[in-house]
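First the structure, in the form of structure tokens, and then the observations on it.
The values are calculated or read from the model by the stated rules, or taken from the named source; none is laboratory data. These figures come from a predicted structure and were not determined experimentally. No Cβ is skipped: glycine too gets one built from the backbone with ideal geometry, and neighbour counts run over all protein chains shown. With ligands, DNA and RNA removed, areas are computed over all heavy atoms of the protein, side chains included. Shrake-Rupley method; radii C 1.70, N 1.55, O 1.52, S 1.80 Å.
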Amino acid sequence: MRRADPPGEPGRQLSLFGTEAADPSVADLAGLLAGPGEVHRMGRTARLSVGVDAAWRVHVLVDELARRGLAAGWESTGEQRYVVRTPYLTTLAPLATAWLPGGVKRPPPRFHLHGRRLRLWLAAAGAADDAGLLLRLDRRDEPWWPVVRAALAVVGLPAALVEVEAGGPAYRIGGRRLARLAELVGDRPPAAPADLWP
């Protein structure tokens, strides 16, 4: 369990890639698209949606989207399944343009991850197993998983692929890398279970 730093601790430094390194922005939603999120274009607008498996994820994501100036709604799609989605907005059009070349979702050139993007991915699709924390992937994005894996490695999170048969698809962050993940994603949201946040 990660302990909070004492107030005013003199030796604490902000991570270049951590959540505190910059203000939240719409570009952070790339973290959702690295996992199970989807973006859809309509004319000069776009909307983002992500399916989740727990009500706490809905609360955290709606709050995170609001921090980026995006009103989001949600609906239940079955037993313990929900969809969080934004309306169609012009502010999301650049995200759709970057991620939907030819109408198919894929990471854009020079795709990278940082704390705010990882925080959203973890909130939407993080899971725990005996060996660490999983960042779940969308099965349909398999051709682009290596791009996402490389982006994880760049921020100090080399990850092992967990296959579908073993509870994936997902990337597993384990061992001492959990401390690095904790540094990047910041404090646990109040709604998130303690065992699902580093």
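Peptides 141-152, 44-55, 115-126: what's the order by average Cβ count within 10 Å, highest mean first?
On the way: 141-152: 16.1, 44-55: 18.2, 115-126: 26.3.
The peptides rank, most packed first, as 115-126, 44-55, 141-152.
Kindly express, to the nearest 10 degrees and within the range 0 to 90, the angle between helix 55-66's C-alpha long axis and the longest C-alpha principal axis of the chain.
80 degrees
Could you give log10 I(q)/I(0) at q = 0.19, 0.25 Å⁻¹ for segment 83-160, computed by the Debye formula over C-alpha point scatterers of equal weight, without solvent?
Values, matching the q order: -1.01, -1.52.
Give me the dipole magnitude in Debye, nearest 20, for the chain about the Cα centre, with unit charges on the beta carbon: positive for Lys and Arg, negative for Asp and Glu. It would help to have the intermediate numbers written out before the result.
On the way: 26 positive and 21 negative charges, 114 e Å.
Approximately 540 debye in magnitude.
Let's test the formula: R0 of 25 Å, r as the Cβ-Cβ distance of Ala54 and Leu161. What FRET efficiency results, to the nearest 0.05? Please list the in-between numbers first.
Details: r = 23 Å, r/R0 = 0.94.
Here the calculated transfer efficiency is 0.60.
Using Cα-Cα distances under 8 Å and only pairs 6 or more residues apart, what relative contact order does the chain have, in percent? Don't skip to the answer; put the middle values down first.
On the way: 339 pairs, mean separation 48.5, N = 198.
Answer for the chain is 24 percent.
To the nearest 0.05, what FRET efficiency results for Arg44 and Asp187 with a Förster distance of 41 Å applied to their C-beta separation? Write out the running numbers ahead of the final one.
Numbers: r = 37 Å, r/R0 = 0.90.
After rounding to 0.05, the efficiency reads 0.65.
For q = 0.21, 0.22, 0.24 Å⁻¹, what log10 I(q)/I(0) does segment 58-123 give under the Debye formula with an equal point scatterer on each alpha carbon and no solvent?
-1.12, -1.18, -1.25
Using only Cα atoms, find the angle between the long axis of helix 145-154 and the longest principal axis of the chain, and express it within 0 to 90 degrees, rounded to the nearest 10.
Result, in degrees: 40.
Expressed in nm to one decimal, what extension gain is obtained for the pair Arg110 and Glu75 from 0.36 nm per residue of sequence separation less their Cα-Cα distance? Could the numbers behind the result be given before it?
Values: separation 35, 0.36 × 35 = 12.60 nm, distance 3.36 nm.
Once the chain is fully extended between Arg110 and Glu75, it gains 9.2 nm.
So what's Rg/Rh here for segment 136-198, counting alpha carbon atoms and using the Kirkwood radius for Rh?
Value, to two decimals: 0.99.
Can you send over the carbon and sulfur percentage of the accessible area for the chain, probe radius 1.4 Å, protein chains only? Don't jump to the answer; show the numbers that get you there.
Details: 5430 of 10180 Å².
Roughly 53 percent, rounded to a whole number.
Per residue Cα convex hull volume for the chain, in cubic angstrom?
Numbers: hull volume 24.7 nm³, N = 198.
Residue-normalised Cα hull volume stands at 125 Å³.
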